[in-house]
Structures are given as structure tokens and as C-alpha cells.
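What follows is a set of notes on a single structure, which appears directly below.
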Amino acid sequence: MENYKVLIIEDDLTALKFLGNVLSKEGFEIFLAPDGYAGMEIFNNELPDIVITDIKMPGKTGFEILQEIKMSNPNTQVIVTTAFGETDLAVKAIHGGALDYIKKPIDLEVLMLALERANSKIITYKRNNPFPVILLVEDDDSARNNLVRALGMENFKVISAANGAEGVEKFSKCKIDVVLLDIKMPKMNGIDALKKMREISNDFEAIILTGYGDESDAIKAMRSGALSFLKKPIDLDQTFVSIEKALEVLKTTRALKFRSRELELANDIIATITKDKEIYLDFRDMCLSNSVDFADNLLNLIPLSLMVVSLDSRIVIYCNNRIKKLITYPQKLSDDIILALEKVGVFITLENLNALIARFENSNANNVEYVSTGEFSNITFTSIIQIVNGKKQKLILMLIRQERQLPRPQG
């Protein structure tokens, strides 16, 4: 990420100092404020790119800070922190323009993901793609210097280290996109160094550099999380291709994480808005056909796969176009449907699916339940009431986010 200015506003001085130290190691320029008034003074003087603020503070609150920042500079990315039980306040902050909220005690992985999302939005706004950061760990001085020079000419920002231990130390202090790692080095070999780096962060890709006869070690490295390996002597063209591939994989992985987090936020908003309420679909006789057509067109616009299941019979009574290619309706929930979902990276057993639906059976209010079904896939369940000819029927609406794209229609 770029060396952005980050302002942290937190009345808990221990938490304030801790966050400051963590983000300083990530390469941000940090400003600390113990309350909202000091925070806004720093904001007006320094114009930070990102603001992290506690939502509840004496004096000027996080909401007031958010409002003032968005009025002054709407492109500043604001992340709010909340205590247990303050989800409703956090959702209100999202409505007010905050990018994300982090629950206390703060999960650093969630915080880093929020900062990556902020970084992405800042880049889009500034139309300025940052140079990728490469960490080169190579004990051969001549080979290391030549590769640093070649990578620099391709507009990569390069950080170098002469052994595995030094590489891990520099990795812990800087935000790295791609690691080029020699497999045999003094002090710490490449496989052990890669494992140490993975313990610090998973937000990078690794390429192993191997000598003659090191192929078995390279395979071990790939099992430890390396994307690929290059044989020495290093071919520069092949190196650049491998780095570009690693950056593309990293970009895709980060995008999936961002979308998953944004969907989690959407689920929280849905749950807050619909809490203790029931959703009714009332189709009168004289307008039934038009209403159904309208609803079908509307649901096909949703960028998620959608299924509606009858609560009493467990029959799929509706699918939008995004999932019709895999699942036909009407049909009873079955192992065939489970297998169809697995094809697009959604993993859930029929038993668990039925158990989740059963939870809504005796529920009067409109509950919302979010279930992870893979690293980047999930299902959101909620109940709706359909009224046809005056008769009520309780249905389950399932919003499905899959890992892989559905097959394209033929013709």
C-alpha cells in the first residue's frame, strides 16, 4: 500500500498507542489523537487519507467526526471501531459514509482488510496505481544486486535481504506484495522463512528461486504457500511473467476478500433494517401476473444467486437467472442441489441446509442468518411471507454468493 497518512482517534490511550505502533510498521504515516477535538484539529492541519475513530467517546463523538470529515473531504476513508453490542451504531455509521467498522477487541486481520479496501478506493479516486512492492531474499550478492537493478527498471519498488532471517525481519516491518525467495540460504532457509512470513500475513504471493537439484525443495515450498518457482540462473523475462501472474492472483484474492466483507456489511444492514419486522409479498388476484413478472425482472437484477424455498415442503419454488443454469424448479431440496452448489464453490450439506431452514419455522419476526460456505462463498437466509388469494405462506429467501462463475449459456 502507499505511504498514506492515517489519523487514529481513540480515548483509550493503551489502544491508541498499540494501533499506532501496528500501523507504523505497515508503512503508514501515523497521527494520534486522544479525543475528537484533538482529532479534528489534526485532520484540518494534516488532511489524512484515512481516519480510524472510536464511535463512542466523551466530548466529540465518532458520529460527529464522521459527519464533519465527510462535509470537509468526502473522499477521506473513515473506519469506525465499536464495542460489543454496538452493531446498530456501526451500521448507522456505514449509512453516514464510513467505509467499515471493526469490533473491539480489534482483530488485526480484519483491520488490515479494511485498510486494503480503503487503499483500493483511494487509488480509484486518485487514478494513480501504486508500484507493487517486491521483497527479494537472496544470499548471493552479485545475483541480488543485478535482480534489484532489473526490477527497479520495471518500476517495481524493491526491498532486498541477504538471508532468510533478515528477509522475515523486513517482511514484518513493510507491506509486501510479492516475495522472491532463494530456497538455500544461511541463518534461515527459504521454506522456513516463508512459513514465518505466512504466520505474519497471508496477503502476499511468493516465488521460490531454486538451484540445480533443488526441485524437491521447491515442491515443499509450494506446499507451504509459494505460487511458483524459478530455476537459476534466473531468466529475467520469465521472472517478470511470474511476478505479473503473482500480482494478478493477489489482485483477484484481495477483490474476493473485499467483496466478502462488503457482503457481510450488507447482511448487517439488512438485519438491522428488518429486525423485528416481517416482509410480505401480497399478490392480489387481479394483478398476480403483472406482479410476478415485475418481481422476476427485479430479482434477476440482483448480483447474487437467489433461491426461494417453501418452508413446509422444502421445495424450491423460485430461482433467479444467476442460478437457473444449475438448478431447476420446482424441485425438493436434495443431494442434486447440493452437488450443483458445490460446482460453484458453495459447500453445505443437505442436513445442515435443512437444519438452517428449520430455525425459521417457529420464528414470527423476520430473522436474517449469514452462513459461510467456503473461503469466499456464503449464504444469507431470511424469511418472507407470501400472500396469494388471501392465504399466507412462509417462504425462505436464500442469497448465495459463490466462489466461481456460473457456466455461460450456450448459443
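Of the trypsin sites (Lys or Arg not before Pro) in the range 35-93, which ones lie in a loop per DSSP and count no more than 10 other C-beta atoms within 10 Å?
Values: sites: LYS56, LYS60, LYS70, LYS92; in loops: LYS56, LYS60.
The qualifying sites: there are none.
Jot down the radius of gyration and Dmax of the range 64-192, Cα atoms only, both in angstrom.
20.0, 58
Packing-wise, with mean Cβ within 10 Å as the measure, how do 181-193, 17-29 rank, highest first?
Final packing ranking: 181-193, 17-29.
First compute the accessible area of the range 48-108 with a 1.4 Å probe, then give the percent of it belonging to carbon and sulfur atoms.
Working: 1480 of 2610 Å².
Carbon and sulfur atoms account for 57 percent of the accessible area of the range 48-108.
Please say if the range 1-77 is rounded, prolate or oblate, where rounded means a/c under 1.5 for a ≥ b ≥ c the square roots of the C-alpha gyration tensor eigenvalues, and otherwise the choice is prolate for a/b larger than b/c and oblate otherwise?
Details: a/c = 2.05, a/b = 1.14, b/c = 1.80.
Taking the square roots of the gyration eigenvalues as a ≥ b ≥ c, the range 1-77 is oblate.
The values are calculated or read from the model by the stated rules, or taken from the named source; none is laboratory data. Computed from a prediction, not measured in an experiment: that's the story for all the values here. Note that each Cβ is placed from the backbone with ideal geometry, even for glycine, and that neighbours are counted across all protein chains shown. These accessible areas exclude ligands, DNA and RNA; they are computed on the full protein's heavy atoms, side chains included. Shrake-Rupley method; radii C 1.70, N 1.55, O 1.52, S 1.80 Å.
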